[in-house]
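Following: one structure in structure tokens, then a few remarks.
The values are calculated or read from the model by the stated rules, or taken from the named source; none is laboratory data. Predicted model only: the values in this text are computed from it and were never measured. Cβ sites come from the backbone with ideal geometry, for glycine too, and all protein chains shown count toward neighbours. All accessible areas refer to the heavy atoms of the entire protein, side chains included, with ligands and DNA or RNA removed. Shrake-Rupley method; radii C 1.70, N 1.55, O 1.52, S 1.80 Å.
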Amino acid sequence: MFSALRRRLIPLTLGACFSLPALGAALPTGDIANSQARHIATYFPGRMTGTPAEMLSADYLRQQFAQMGYQSDIRTFNSRYIYTAKDNRRNWHNVTGSTVIAAHDGKSRQQIIVMAHLDTYAPHSDADSENNLGGLTLQGIDDNALGLGVMLELAERLKNTTTQYGIRFIATSGEEEGRLGAENLLKRMSAEERKNTLLVINLDNLVVGDKLYFNSGKQTPASVRKLTRDRALAIARRHGISATMNPGLNPDYPKGTGCCNDAEVFDNAGIPVLSVEATNWTLGKKDGYQQRAKSRTFPNGVSWHDVRLDNQQYIDKALPGRIEHRSRDVMRVLLPLMKELAKA
């Protein structure tokens, strides 16, 4: 196909009680993603890199994969980011992040990676904290609990499927501090593993944005774009799902390509990528950062990082049914696409 190419006991107990296999693969498409996203947002808010909530959410994901029968583990990594105080003093903030990896073996050594970041935004400055950006109470249902939910549903529905290519489900951390986990993941990959990685599918910010986008990497070959991005859009059209790609209105971001998430790390390394996100590339600076038109409910046209906006209660009120609908739509595209790409 690609020839063209752990600490708080009570929250931990609550998290462990949610059994994904018990939900059953017979549930309607998207139900598992929706339920998992809401569970993660509720029980693990403030999943900032290196915090107890981040470590607990990583362990929860590991348990979920293990219950499905996957080999799964947590890899920690050390990194740092700059914090700016009110007096403009800048200091390094050291963190230890957690990356969760679950393996679905295929008949060959080649693999497809499905990736979503598990961390929520950590304030990078005193100004961030004063503006309610990030912190201990940020649920991050949009950024990025639903990405994790979709990944878990894909894993559940593919667990008993024999595939030609292996699938690695990976939850990274440190994305909000500059894609630290993705950088560490790439660094740990051998030359052979990089060569055998046919595609990285990245799931991020799937809820609040006006439109659902499927974008390729700038370095992804045209032949692979046809089999991945273009095929995803064709599946969406077949199901009557409104989806598109970056129209290329900003010359810095060519038509059909994505930007500024974990996928970029692999794109820069020459590994084909497919970014799945919800935003609006026709607004603002036309760089994908403004998710929707500015309104009373979303004054800046975004929900990213804002404790008041990126939580399920607020989004359920402001955009009724959106979380459920996006869960369903993304799964209706990605599940058949994954089966095609992995040669199920």
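From the square roots a ≥ b ≥ c of the eigenvalues of the alpha-carbon gyration tensor of the range 151-238, which class results: rounded (a/c under 1.5), prolate (a/b over b/c), or oblate? Rounded is the answer for the range 151-238, as its axis ratio a/c remains below 1.5. On the chain, 48 percent of the accessible area sits on carbon and sulfur atoms, based on a 1.4 Å probe. Computed from label points 7 Å out along Cα-Cβ, the spacing between THR161 and GLN71 is 2.1 nm.
The stretch between SER129 and ASN78, if pulled fully straight at 0.36 nm per residue, gains 16.0 nm over its current Cα-Cα span.
Among beta bridges from DSSP that stay inside the range 34-342, the antiparallel ones total about 55%. Counting only protein heavy atoms and a 1.4 Å probe, the chain has 41 square angstrom of accessible area per residue.
If the chain linking ASN91 and HIS239 were pulled fully straight, counting 0.36 nm for each residue of separation and taking away their Cα-Cα distance, it would gain 48.3 nm.
Full extension of the segment from ASP230 to ARG194, taken as 0.36 nm per residue of separation minus the current Cα-Cα distance, would add 10.6 nm.
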